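Encoded as structure tokens, the structure appears first; notes follow it.
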Amino acid sequence: MKTIGNETYKLCEELFPINRSITGDGLRETLAIIKRELPRIKIHEIPSGTKCFDWTIPKEWNLREAYILDPEGNKIVDFKENNLHVVGYSVSIDKSLSLSELNRHLYSLAKFPDAIPYITSYYGETWGFCLPHSQREQLKDGKYKVYIDSNLKDGSLTYAELLIKGKCEQEIFLSTYVCHPSMANDNLSGPSLITYLAKYIQKIKNRRYSYRIIFIPETIGSIMYLSKNIEHLKKYVVAGFNVTCVGDNNNYSYLPSRKGKTLADKVALHVLKHLVHNIKEYSFLDRGSDERQYNYPGVDLPVCSVMRTKYGEFDEYHTSLDNLAYISPDGLNGSYEVYRKIIESIENNYTYMLNELCEPQLGKRGLYPTVSTKKTHAIVNNMMNFLVYCDGKLDLVEIAEKVKTPIWDLYDIANGLISNKLIKIVN
Amino acid sequence: MKTIGNETYKLCEELFPINRSITGDGLRETLAIIKRELPRIKIHEIPSGTKCFDWTIPKEWNLREAYILDPEGNKIVDFKENNLHVVGYSVSIDKSLSLSELNRHLYSLAKFPDAIPYITSYYGETWGFCLPHSQREQLKDGKYKVYIDSNLKDGSLTYAELLIKGKCEQEIFLSTYVCHPSMANDNLSGPSLITYLAKYIQKIKNRRYSYRIIFIPETIGSIMYLSKNIEHLKKYVVAGFNVTCVGDNNNYSYLPSRKGKTLADKVALHVLKHLVHNIKEYSFLDRGSDERQYNYPGVDLPVCSVMRTKYGEFDEYHTSLDNLAYISPDGLNGSYEVYRKIIESIENNYTYMLNELCEPQLGKRGLYPTVSTKKTHAIVNNMMNFLVYCDGKLDLVEIAEKVKTPIWDLYDIANGLISNKLIKIVN
Amino acid sequence: MKTIGNETYKLCEELFPINRSITGDGLRETLAIIKRELPRIKIHEIPSGTKCFDWTIPKEWNLREAYILDPEGNKIVDFKENNLHVVGYSVSIDKSLSLSELNRHLYSLAKFPDAIPYITSYYGETWGFCLPHSQREQLKDGKYKVYIDSNLKDGSLTYAELLIKGKCEQEIFLSTYVCHPSMANDNLSGPSLITYLAKYIQKIKNRRYSYRIIFIPETIGSIMYLSKNIEHLKKYVVAGFNVTCVGDNNNYSYLPSRKGKTLADKVALHVLKHLVHNIKEYSFLDRGSDERQYNYPGVDLPVCSVMRTKYGEFDEYHTSLDNLAYISPDGLNGSYEVYRKIIESIENNYTYMLNELCEPQLGKRGLYPTVSTKKTHAIVNNMMNFLVYCDGKLDLVEIAEKVKTPIWDLYDIANGLISNKLIKIVN
């Protein structure tokens, strides 16, 4: 069946084998595939050495080959078999060394003996290999050979940006990162979902808001992007979401903005509350992705995060077990529905004002049943509850909260009352 | 025994048989009886066709005769036996018709087979009869005759208003409706209680506030009254109450204003909390009477409601079972006491300021026992607690809440301290 | 072992036998001993008759001799044996009288038959004796002789003040009272603790705040002090504490300022929460000492109180059982630690602002481990949590609350980040 979940999952499958990092050809290849899906996306290259606040765009890293030979000359660890085998940003090495020397450059997880851990060292020049702890425990004394053929030199950091214009200049900001090699929930689920969400947004008729969507390497990417665009973002962004870990089929998670109760927070919580069950609400202290930068004091963008199982909260996190089996079309489909509802809610989130004092006479407009009984009383109450909060201050999601109903149950009521000239949009 | 409850109950008895509606001679007759009790009340007539915001004063309706004859010519339903038998605002009809045709104009309640339901159709011209479901089920096929001799033509809507002036121009607003035929809790308990409350208010010595009391038909009456007086009301009303359903002897109910925490809300809750037990606190979403209009955005009057069992929350509601047996002198007496305490509390609700910094020396004024022991310590603490909140900002009911004591326990303390020139009234 | 608790306890022992009151030579003797410990303290005398807001400095009271002789001439109650035997401010008397006449001037506690109660009558001229209820019940009919040789005449009220200057003019205000005769928790624990706390404050290097410390008679002393210094105190005091009942070894108590959430309240609660267990949080309604004056409307000083068992809450309170056995070096030592931590927290309670937007690159400054694993992630998070609240508005104690860590765990982090020029102090 061709669902959005299935389509999104296929994109994850296609992107999975590529060896991504925060720079390099794997990142370019990934963004090229996304551009095939979203042709109007723009790819940017930021040269190594560019200053971004306290940071500097690092050298570009590309890896051609990497393996370990055991004392008998068997290739026991090979980058060709799994991208995670090499510590990200490892420098070239070609050396024989004892097991104890080798061990200082090996990473494994005793607690998850079959998993290859994901390790990087972007800003300190070193090298290393990652392997399952079960394999590591089998290694015998002797001379090992390590070989890494990598390229760490001035180049550029690549990112992609898509601006989908709406009727007004105010923007909804969607950010996702694309720098992890061969891991599914963290992180291919994010960019894949955003790709299909962008397709949906492009098709919204009479789109109210503009949408700014970026695919960046984590941390350095958001800092770089902020350093170039902060004034614009602070002026135009009314709500934003950092999209990651949206592929598994477990409960939903919500991580608030630093200040909380922004439009993004209000809508995210409202949609989650009315659409799904068993939400896990995190504290801003639990943050760990690009919302760290977007919410920094002085940056202060209204960015929160809606996820399935949050990064760091599942055993498979940052290991080779976060693979295509950990995510599912159903999981992705559920996340898509939540984000689609969030966008729909924001598009419809107007502030209304009454055109007349006191309740309108619904009867003369055919909005009220001609015979008043206990039952019709209840039906009309719903419309009346909406009307009594159209004070020109509360927005629709706030009214929905007051009235204790999903915001989408108010769209028709609001539009009907506008047609009847009983209310008007003030914002 | 001549209690207020007994007097109020007798007034309900006298008013019960009259056939009231939102206009017409039954309404006039009702207000004339109230004027006998409150001679200074003014009766107003608003012509049919008068525009009131989104509404128009309807034609005046009067009903002379209405009955149904069964196929054998027996008068099986007769308006003379119960006002509720005829749908309010029914047009004239004189017609023979089959049972199935007749059934489209009959109203009954399967769940309460002995009750005649109360049905109206003010703004759509139609006709109908209401009867017990048990009776309806006995009707046999055949030709029935329906006869209604009513008069629906330009006339006027009648209401009554009493202004009791006090020392200041600020007003306490009491609203009650008088448009229901032959029902006791909803609605004769309200206007009867207000009548005796007005007698009490007229006798308050050195009355601080002015009291504006209106007896109106529900909904159209409050909208009409607001359309004529809104500027005045917004300027002068500091607290208001919509008084209804105050006759039964069950628990008390509180329905807040839309904004909540107005003077009316604060005092109502405080009095209820300290005077009675088992209060049911409703949400503003549960509103259903004229507080809907008073709290409308842009109207924004500080009006809440204190009731016994709220309209819609008792089985007898809007049926012939809401009769004089459903209410009682005791029930009315309890409500009277609550409203009397509310008025007394508002009259006494001053804001005080200290005349001197630091605690006063109570001893030299005879306010402190000469020998200090553990016990006298506790007694003086009460006065001290009051004093320490006389900051010129908190009013007396707010201080009473802070000090966790009924406001009436602070009247003597406040007056004693004023006599001793230790505090002064600032508002 | 020479702990602060032991030293403080010894000072209590030395002060215990002295017969203090709100004026007189016992008070002078007490302050002279404290001056021996804190030589820079200044002793002030305020003449009887001086007006202080609503109050007047009373006559000075000194007591030379006081006893009761039973019908057989036995001295059954003698002031020389316990200061509490005489009602404070008793006038001279030399009289024979019957037991029933005598009884009108006797005070005892049926509930605590072995305790001599503490009774005073500062502002009404009278006389009386206090004795154990068990002894009183033994008294037989007959002629008793009462003898009091006291001196109540114009003199002065004595108090002591120590100003320890810091780098800024803003002040921390410490108040304790010294007017109770021969009682330990209430009241010698307070002035003794403050004495050793003052020694600590004098030794703080680069002391930020100035400290104003007063030793006064309760109530009249604080009112007198406010009447002389209120403008200065309102301008400069940023946090204050009324120190009393800090000698027993039971749970800690916290009594808030009237407005709550002042710097004093925030720090007191934070320190208690992170340093000790089982805090009893009182309401401002439970106040009973000089914080009554400091928090009076119009005075509005940010003064709260941290105690062990609060006055009035232990059976021994205001009796001869509140003796040196009721307090302990351990109890005093714990209170000292709490107050020392409070002062340290206030000294360190800066408001910080970031020097750069977005998270800093900790790696290039050696603040971030070169290899990123799950574990290092958690360590760095602590620093990051601090940084993300350095918004130039939250102070350190507020950040500590947000980050859910004791404020003292943030001192090194803050200082390290200042050294690295990543943050600056703005307040």
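Search region A:52-84 for residues being more than 14 Å from chain C (Cβ to nearest Cβ) and surrounded by 21 or more Cβ atoms within 10 Å (Cβ to Cβ), and hand back the single one that is farthest from A:Ser134 (Cα to Cα).
Filtering region A:52-84 for residues that are more than 14 Å from chain C (Cβ to nearest Cβ) and surrounded by 21 or more Cβ atoms within 10 Å (Cβ to Cβ), the one farthest from A:Ser134 (Cα to Cα) comes out as A:Glu60.
Would you pick out the residues in region A:35-69 that are closer than 28 Å to C:Gln361 by Cβ and either outside any strand (DSSP E or B) or among the aliphatic types (A, V, I, L, M) (or both)?
Within region A:35-69, A:Ile43, A:Ile46, A:Ser48, A:Gly49, A:Thr50, A:Phe53, A:Asp54, A:Ile57, A:Pro58, A:Lys59, A:Leu63, A:Ala66 meet the criteria.
Name the single residue that is most open to solvent (accessible area, probe 1.4 Å) among those in region B:11-34 being in a loop (DSSP other than H, G, I, E, B) and hydrophobic (A, V, I, L, M, F, W, C).
First, pick out the residues of region B:11-34 that are in a loop (DSSP other than H, G, I, E, B): B:16-24.
So of that shortlist, the ones also hydrophobic (A, V, I, L, M, F, W, C) come out as B:16, B:18, B:22.
Numbers: B:Phe16: 41, B:Ile18: 13, B:Ile22: 2 Å².
The residue in question is B:Phe16.
Give the residues of region B:117-147 that are out of contact with any strand residue (DSSP E or B) (no Cβ under 8 Å at 6 or more places or on another chain), more than 14 Å from chain A (Cβ to nearest Cβ) and either charged (D, E, K, R) or open to solvent by 50 Å² or more (accessible area, probe 1.4 Å) (or both), sorted by residue number.
B:Glu137, B:Gln138, B:Lys140
Please return the ranges of strands (runs of 3 or more DSSP E) entirely within region A:83-176 where 3 or more residues are closer than 20 Å to A:Ile216 by Cα. Give the derivation first.
Numbers: elements: A:93-98, A:143-153, A:156-164.
It comes to A:156-164.
Quick one: count up the residues across region B:85-116 that are away from chain A (no Cβ under 11 Å), under 27 Å from B:Asn151 (Cβ atoms) and among the aliphatic types (A, V, I, L, M).
7
Evaluate region C:163-171: report whether one residue or more is open to solvent by less than 10 Å² (accessible area, probe 1.4 Å) and within 13 Å of the chain's Cα centre (by Cα).
No, every residue in region C:163-171 fails to be open to solvent by less than 10 Å² (accessible area, probe 1.4 Å) and within 13 Å of the chain's Cα centre (by Cα).
If I filter region C:198-211 for residues that are away from chain B (no Cβ under 14 Å) and under 13 Å from the mean Cα position of the chain (by Cα), do I get at least one hit? If you could, list the steps in order and put the result at the bottom.
Our first condition is that a residue be away from chain B (no Cβ under 14 Å); within region C:198-211, this holds for C:198-211.
Subsequent filtering for residues that are under 13 Å from the mean Cα position of the chain (by Cα) retains C:198.
Within region C:198-211, one or more residues are away from chain B (no Cβ under 14 Å) and under 13 Å from the mean Cα position of the chain (by Cα).
Do the conditions hold for C:Asp300, that is, is it assigned to a loop (DSSP other than H, G, I, E, B), away from chain A (no Cβ under 14 Å) and on the phi > 0 side of the Ramachandran plot? Walk me through it before giving the result.
Numbers: assigned to a loop (DSSP other than H, G, I, E, B): yes; away from chain A (no Cβ under 14 Å): yes; on the phi > 0 side of the Ramachandran plot: yes.
Spelling it out, C:Asp300 is indeed assigned to a loop (DSSP other than H, G, I, E, B), away from chain A (no Cβ under 14 Å) and on the phi > 0 side of the Ramachandran plot.
Of all residues in region A:97-116, which are out of contact with any Lys or Arg (no Cβ under 8 Å at 6 or more places or on another chain) and surrounded by 15 or more Cβ atoms within 10 Å (Cβ to Cβ)?
Across region A:97-116, the qualifying residues are A:Leu102, A:His105, A:Tyr107, A:Leu109, A:Phe112, A:Ala115, A:Ile116.
Output the number of the condition that B:Lys341 fails; it satisfies all remaining conditions of (1) of a type in the set (D, E, K, R); (2) open to solvent by 50 Å² or more (accessible area, probe 1.4 Å); (3) in contact with a Leu (Cβ under 7 Å, 6 or more places away or on another chain).
Only one criterion is unmet by B:Lys341, namely (2).
Out of the residues in region A:112-147 that are touching a Gly at 6+ places or on another chain (Cβ under 9 Å) and not hydroxyl-bearing (Ser, Thr, Tyr), state the one that is farthest from C:Tyr368 (Cα to Cα). Don't jump to the end; show me each part of the working.
Looking only at region A:112-147, we keep the residues that are touching a Gly at 6+ places or on another chain (Cβ under 9 Å), and these are A:118-124, A:145.
Now drop any that are not not hydroxyl-bearing (Ser, Thr, Tyr), which leaves A:119, A:124, A:145.
On the way: A:Ile119: 15, A:Gly124: 10, A:Lys145: 30 Å.
The extreme case among them is A:Lys145.
Go through region A:96-112 and report how many residues are over 12 Å from A:Asp315 (Cα atoms) and under 40 Å from the mean Cα position of the chain (by Cα). Don't jump to the end; show me each part of the working.
Taking region A:96-112 and keeping what is over 12 Å from A:Asp315 (Cα atoms), we get A:96-108, A:110.
If we keep only those that are under 40 Å from the mean Cα position of the chain (by Cα) as well, we get A:101-108, A:110.
Summing the residues that are over 12 Å from A:Asp315 (Cα atoms) and under 40 Å from the mean Cα position of the chain (by Cα) in region A:96-112 gives 9.
In region A:174-209, what count of residues is obtained for those that are more than 22 Å from A:Arg28 (Cα to Cα) and open to solvent by less than 10 Å² (accessible area, probe 1.4 Å)? Step through it out loud before you land on a result.
Within region A:174-209, the first condition is being more than 22 Å from A:Arg28 (Cα to Cα), and the residues that meet it are A:200-209.
Right, trim to open to solvent by less than 10 Å² (accessible area, probe 1.4 Å) and you get A:201.
Adding up the residues that qualify gives 1.
For region B:239-254, does any single residue satisfy the condition of being open to solvent by 30 Å² or more (accessible area, probe 1.4 Å), in a helix (DSSP H, G or I), of a type outside the set (Asp, Glu) and more than 18 Å from B:Thr120 (Cβ to Cβ)? Walk me through how you get there before you give the answer.
Within region B:239-254, the first condition is being open to solvent by 30 Å² or more (accessible area, probe 1.4 Å), and the residues that meet it are B:249-251.
Then keep just the ones that are in a helix (DSSP H, G or I); that gives none.
Looking for residues that are open to solvent by 30 Å² or more (accessible area, probe 1.4 Å), in a helix (DSSP H, G or I), of a type outside the set (Asp, Glu) and more than 18 Å from B:Thr120 (Cβ to Cβ), one finds none in region B:239-254, hence no.
Can you tell me which condition C:Thr30 does not meet? The list is (1) over 20 Å from C:Thr195 (Cβ atoms); (2) of a type in the set (Ser, Thr, Tyr); (3) touching a residue at least 24 places away in the same chain (Cβ under 8 Å), and all the others hold.
Just one mismatch for C:Thr30, condition (1).
Determine, yes or no, whether B:Tyr252 is within 20 Å of B:Ile346 (Cβ to Cβ) and of a type in the set (Phe, Trp, Tyr).
Details: within 20 Å of B:Ile346 (Cβ to Cβ): yes; of a type in the set (Phe, Trp, Tyr): yes.
Here the answer is yes, as B:Tyr252 does meet what is asked.
Here's the yes/no breakdown for (1) within 12 Å of chain C (Cβ to nearest Cβ); (2) farther than 14 Å from A:Tyr339 by Cβ:
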{"position": "A:Lys266", "(1), (2)": "no, yes"}
{"position": "A:His270", "(1), (2)": "no, no"}
{"position": "A:Lys273", "(1), (2)": "no, yes"}
{"position": "A:Ile279", "(1), (2)": "no, yes"}
{"position": "A:Arg287", "(1), (2)": "yes, yes"}
{"position": "A:Glu316", "(1), (2)": "no, yes"}
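Looking at C:Leu97, C:Leu131, C:Leu157, C:Leu174, which is the one that is touching a helix residue (DSSP H, G or I) at 6+ places or on another chain (Cβ under 7 Å) and more than 30 Å from C:Gln293 (Cα to Cα)? Lay out the reasoning, then the answer.
Numbers: C:Leu97 fails: touching a helix residue (DSSP H, G or I) at 6+ places or on another chain (Cβ under 7 Å); C:Leu157 fails: more than 30 Å from C:Gln293 (Cα to Cα); C:Leu174 fails: more than 30 Å from C:Gln293 (Cα to Cα).
Result: C:Leu131 is the single residue among C:Leu97, C:Leu131, C:Leu157, C:Leu174 that is touching a helix residue (DSSP H, G or I) at 6+ places or on another chain (Cβ under 7 Å) and more than 30 Å from C:Gln293 (Cα to Cα).
Of the residues in region B:214-230, how many are touching a Ser or Thr at 6+ places or on another chain (Cβ under 8 Å) and of a type outside the set (Ser, Thr, Tyr)?
6
For region B:63-82, which residues satisfy the criterion of being more than 20 Å from B:Met183 (Cα to Cα) and of a type in the set (A, V, I, L, M, F, W, C)?
Selection gives B:Ile68, B:Leu69, B:Ile76.
Assess whether C:Gly221 counts as being of a type in the set (Gly, Ala, Ser), assigned to a helix (DSSP H, G or I), within 18 Å of C:Ala268 (Cα to Cα) and open to solvent by less than 10 Å² (accessible area, probe 1.4 Å). If you could, list the steps in order and put the result at the bottom.
On the way: of a type in the set (Gly, Ala, Ser): yes; assigned to a helix (DSSP H, G or I): yes; within 18 Å of C:Ala268 (Cα to Cα): no; open to solvent by less than 10 Å² (accessible area, probe 1.4 Å): yes.
In short, no.
How many residues does region B:418-427 contain that are open to solvent by less than 30 Å² (accessible area, probe 1.4 Å) and either within 9 Å of another protein chain (Cβ to nearest Cβ) or in a helix (DSSP H, G or I) (or both)?
As a first pass, look at region B:418-427 and keep what is open to solvent by less than 30 Å² (accessible area, probe 1.4 Å): B:422-423.
Checking the rest, the ones that are also either within 9 Å of another protein chain (Cβ to nearest Cβ) or in a helix (DSSP H, G or I) (or both) come to B:422.
Residues flagged as open to solvent by less than 30 Å² (accessible area, probe 1.4 Å) and either within 9 Å of another protein chain (Cβ to nearest Cβ) or in a helix (DSSP H, G or I) (or both) within region B:418-427 amount to 1.
The values are calculated or read from the model by the stated rules, or taken from the named source; none is laboratory data. Source: prediction; values computed, not measured. Every residue, glycine among them, receives a Cβ derived from its backbone with ideal geometry; neighbour counts consider all protein chains shown. The accessibility values were calculated without ligands, DNA or RNA, using every heavy atom of the protein model including side chains. Shrake-Rupley method; radii C 1.70, N 1.55, O 1.52, S 1.80 Å.
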